[in-house]
Amino acid sequence: MSFAEALRLDAKYDRVMLGWGVVACQGSSCEMVQDRGGVRRVVPVPDELQASTVSKRCIGGRGIVCADPMSRDLKWAVAPGLLAAPVSVFTQLGDDDFLVIDSNGTASLVRGGVVTPFDFGTNERIVQVSAGYYMNPQEWGARTESGRLVRGSLAGGRACDLHVADIDIGEITPIVMRDADRVMMGQMGSARCYAYGLPSGMLGVAYNTCGISLTVFAFDSRRVYAPPAGCALD
């Protein structure tokens with residue numbers, strides 16, 4: 001596998017957030033930077049949002065704005081003032097559905113502009129949450145402040161006796177979790193996970209999908225490490 005530069009940002013930016021696009025900020029002013037076929041387009045993020053976090057094609061702050069799938073313009077999905085406090089972390093479940101934890105630690109489910117309390121199944125603060133969106137938007141995974149894994153659906157959640165450093169749910173509904181020396185995989189709806197040992201000095205982990213086949217890989221500054229691949233890692 002080789003890596004190539006996809007987008008170079010201006011030096012004026014002092015903060016960058018990555019989702020399905022690039023949100024680059026200079027102080028409190030942010031822009032979504034898009035590159036389509038070599039043509040750069042910069043879309044201003046509303047200042048009143050006070051952008052602080054991203055999930056997929058949406059940006060959270062004092063409300064949530066999302067990029068329209070066709071026009072790529074930003075539109076309000078959760079209006080300012082609808083939430084009691086700014087968004088701390090969130091995940092997009094569908095076009096207008098979100099799981100949100102605000103800066104006070106309050107968890108909410110937002111569906112079509114209606115906010116209701118949500119039980120993650122733990123008293124610990126949630127610091128990371130991810131959902132499958134297109135393929136399986138009803139199920140999610142989360143990580144608590146102590147690193148504990150929490151899994152669930154829109155009916156609620158359950159904390160597991162497993163600690164992870166990172167969690168991500170892909171579109172084919174695997175969970176890819178990482179701690180100091182392992183990558184763990186599991187299907188949503190199943191308590192069973194598969195663990196792979198990691199070489200020391202890894203910079204990150206990711207996965208490649210090919211149809212229903214999935215290959216997890218890790219990388220350092222020079223090499224990519226993976227189990228036997230069902231599909232080529234391009």
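Quick notes on this one:
- For region 3-118, the solvent-accessible area works out to 51 Å² per residue, with a probe of 1.4 Å and every protein chain left in place.
- Backbone amide hydrogens, once placed in the peptide plane, bring E139 within less than 5 Å of G132, excluding anything fewer than 5 places away on its chain.
- Label separation (F219 vs W76): 3.9 nm, computed from points 7 Å beyond Cα along the C-beta direction.
- Placed amide H near R125: partners under 5 Å, 5+ positions off or other chain: E145
- J(HN,Hα) series, region 26-35, from Karplus relation 6.51 cos²θ - 1.76 cosθ + 1.60, nearest Hz, glycine and proline x: 10, x, 8, 9, 10, 9, 8, 9, 10, 10
- Annotation: amide H-H contacts under 5 Å for R62 (H modelled 1.01 Å from N, sequence separation of 5 or more, or interchain): Q50, V87.
- Surface composition of region 3-118: carbon plus sulfur atoms contribute 50% of the solvent-accessible area (1.4 Å probe, protein chains only, all chains present).
- Modelled spin-label separation between D10 and S28, with each label point placed 7 Å from Cα along the Cα-to-Cβ direction: 2.0 nm.
The values are calculated or read from the model by the stated rules, or taken from the named source; none is laboratory data. Since this is a predicted model, take the numbers as computed values, not measurements. Please note: Cβ atoms are built from the backbone with ideal geometry, for glycine as well, and neighbour counts cover all protein chains shown. Just the protein is used for accessible areas: all its heavy atoms, side chains included, with ligands, DNA and RNA removed. Shrake-Rupley method; radii C 1.70, N 1.55, O 1.52, S 1.80 Å.
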